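Worksheet: the structure to be examined is printed underneath.
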Amino acid sequence: MDLLNTPAALRIQCRQWRKQGHSIALVPTMGFLHAGHMSLIDEARKRADKLVVSVFVNPTQFGPNEDLDRYPRDLPRDLKLAEEHGADAVFAPEPGAMYEPDHATWVEVPELAKGLCGASRPIHFRGVCTVVLKLLNLVQPDVAVFGQKDWQQLAILKRMARDLNLDAELVGMPIFREADGLAMSSRNVYLTGDERARVPAIRQGLLLMQQRVKDGETDAEQLGLMFRRHIADTLPDARIDYAAFVHPESMAPVARVDKATLLAVAVFIGKVRLIDNILLEG
Ligand code: AMP
């Protein structure tokens with residue numbers, strides 16, 4: 001497995017593979033890899049001859065008061081895991097290699113980014129779209145694999161790919177969870193032991209909403225109140241950033257859960273912000 005640190009080295013390697021007739025899969029990550037990432041990597045491994053995993057804590061998707069500096073990092077461990085799971089190359093550039101000091105071009109999908117995570121993280125998706133487009137341009141993969149844990153991100157990237165006629169197929173993988181239901185996330189390491197023991201209540205709240213919908217409740221406002229009550233009862237110290245019922249592709253809010261609807265939530269436990277979601281069939 002090769003470790004590549006510059007966009008030029010990545011481009012040259014991928015160009016050579018394509019010339020040899022190989023297909024290429026890309027899995028973009030911010031590293032500190034966990035089993036959720038590995039499920040993406042394993043899927044990507046099956047879908048192409050050559051597999052590139054990027055490990056880049058992208059500064060442009062972090063707001064000024066966010067956790068860029070303390071975001072967990074462990075490149076040696078990531079390299080080992082990526083190699084064990086069949087990656088042909090890991091691309092791990094320094095921020096200075098990805099962004100010129102006078103970088104001035106941004107990609108945005110404002111219509112899909114104005115709610116949910118985009119409402120509390122205004123520049124986040126602009127940074128995500130820009131870095132993913134840069135990676136897609138460098139690698140020119142046949143397929144790129146993402147997680148449905150970041151459902152809004154995936155919806156935005158798919159819209160970007162469609163609108164800009166990108167060649168790569170964008171694939172979304174189901175949320176990979178701990179045994180107690182907590183969605184795996186690099187940020188879970190921020191949780192204290194006590195918080196960690198209690199946060200599966202978020203997933204339980206999503207499952208409760210699924211049951212209520214199965215029982216016939218379709219009023220998104222009522223369901224939202226029920227979710228809030230569940231969190232207040234089970235995680236009294238938590239603060240709900242949002243709990244939103246939206247169309248799964250357009251991210252537009254819906255009033256009735258009478259067709260496929262995404263319930264997406266973000267919850268603060270102390271300083272840690274956890275996201276999760278569930279597709280309600282309606
Ligand atoms: P990140 O390193 O957090 O930027 O995530 C890199 C990719 O892994 C994104 O496409 C995420 O949606 C995906 N991912 C992160 N956590 C999970 C999870 N628990 N299950 C599935 N995919 C995930």
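State whether the residues of the range 119-126 include one that is of a type in the set (A, V, I, L, M), under 20 Å from Phe56 (Cα atoms) and open to solvent by 50 Å² or more (accessible area, probe 1.4 Å).
Within the range 119-126 (the criterion being of a type in the set (A, V, I, L, M), under 20 Å from Phe56 (Cα atoms) and open to solvent by 50 Å² or more (accessible area, probe 1.4 Å)), the answer is yes, since at least one residue qualifies.
Cβ-Cβ distance below 7 Å, separation of 6 or more or different chains: which pairs start in the range 167-189 with a residue that is within 10 Å of the ligand (Cβ to nearest atom) and in a strand (DSSP E or B) and end on one that is open to solvent by 30 Å² or more (accessible area, probe 1.4 Å) and among the β-branched types (Val, Ile, Thr)?
Every condition considered, the pairs that remain are Ala183/Ile175.
Residue by residue through the range 129-166, note down the ones that are among the charged types (D, E, K, R) and within 9 Å of the ligand (Cβ to nearest atom).
Lys149, Asp150
Test Tyr71 against the stated conditions and say whether it is aromatic (Phe, Trp, Tyr) and in contact with a Phe, Trp or Tyr (Cβ under 9 Å, 6 or more places away or on another chain).
yes
Evaluate the range 38-45: report whether one residue or more is under 20 Å from the mean Cα position of the chain (by Cα) and either at pLDDT below 95 or acidic (Asp, Glu) (or both).
yes
Tell me, please, whether a residue that is touching a Cys at 6+ places or on another chain (Cβ under 6 Å), open to solvent by 20 Å² or more (accessible area, probe 1.4 Å) and away from the ligand (no atom under 12 Å from the Cβ) can be found in the range 96-108.
Checking the range 96-108: at least one residue is touching a Cys at 6+ places or on another chain (Cβ under 6 Å), open to solvent by 20 Å² or more (accessible area, probe 1.4 Å) and away from the ligand (no atom under 12 Å from the Cβ).
Go through the range 20-36 and give me each residue that's crowded, with 20+ Cβ neighbours inside 10 Å and within 19 Å of Asp142 (Cβ to Cβ).
Result: Ile24, Ala25, Leu26, Val27, Pro28, Thr29.
Pick out the one residue from Glu221, Glu249 that is within 28 Å of Phe56 (Cβ to Cβ) and open to solvent by 80 Å² or more (accessible area, probe 1.4 Å).
Glu249
From the list Ile269, Ile231, exactly one residue is within 27 Å of Phe32 (Cβ to Cβ), within 21 Å of the chain's Cα centre (by Cα) and not aromatic (Phe, Trp, Tyr). Which is it?
One residue alone meets the criteria, Ile269.
The values are calculated or read from the model by the stated rules, or taken from the named source; none is laboratory data. This structure is a prediction, so every number in the text was calculated from the model and none was measured. No Cβ is skipped: glycine too gets one built from the backbone with ideal geometry, and neighbour counts run over all protein chains shown. Ligands, DNA and RNA are excluded from the accessible area calculation, which covers all protein heavy atoms including side chains. Shrake-Rupley method; radii C 1.70, N 1.55, O 1.52, S 1.80 Å.
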